[in-house]
Amino acid sequence: MNKSSNSTIGHNKSSFLDKAIEHIDITSFDARPIIDAMAKMSFTSRETANAAQIYNEMLNDKNCTVFLTLAGSTSAAGCMKVYADLVKNNMVDAIVSTGASIVDMDFFEALSFNRSIYCWYGFLWSARL
């Protein structure tokens, strides 16, 4: 493979790594209309709306304990702020996570080691150079 930085297809190491992940801010918009519309759709859309309804029922049930289970990839992929907002707003009671989620993902990002939206592609590209 040619290691030239003048790629003709526009995909080189720096082009893969120059777009940082932006964590979604769920407090900046009202997702209820789209979730309600998804209830009338099929497959995953309908199940997402169904899950939202179940979650609302859990929040309204004062005897219900809400566990948030995390996969490390979702935190690094842009959901970290979602998790923080859920905790800040008392919408979860407990978090179950792997050590990799906390150390490899959140800790390093807190130290400003931000990830590219093409993080794995960038890794594979680097490995091929």
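Label-point separation (nm) for residue 84 and residue 96, each offset 7 Å from Cα along Cα-to-Cβ?
Here the answer is 2.6 nm between the modelled labels.
Grab the Cα-Cα distance for residue 32 and residue 69, subtract it from 0.36 nm times how many residues apart they are, and report the gain in nm with one decimal.
On the way: separation 37, 0.36 × 37 = 13.32 nm, distance 2.26 nm.
Here the answer is 11.1 nm.
Could you order peptides 56-63, 80-87, 36-43, 91-98 by the average number of other Cβ atoms within 10 Å of their residues, highest first?
On the way: 56-63: 9.8, 80-87: 15.9, 36-43: 11.4, 91-98: 12.9.
Averaged packing, sorted descending, gives the order 80-87, 91-98, 36-43, 56-63.
Each reported figure results from applying straightforward, stated rules to the coordinates on display, with no laboratory input. Please read these numbers as outputs of a predicted model, since none were measured by experiment. Cβ sites come from the backbone with ideal geometry, for glycine too, and all protein chains shown count toward neighbours.
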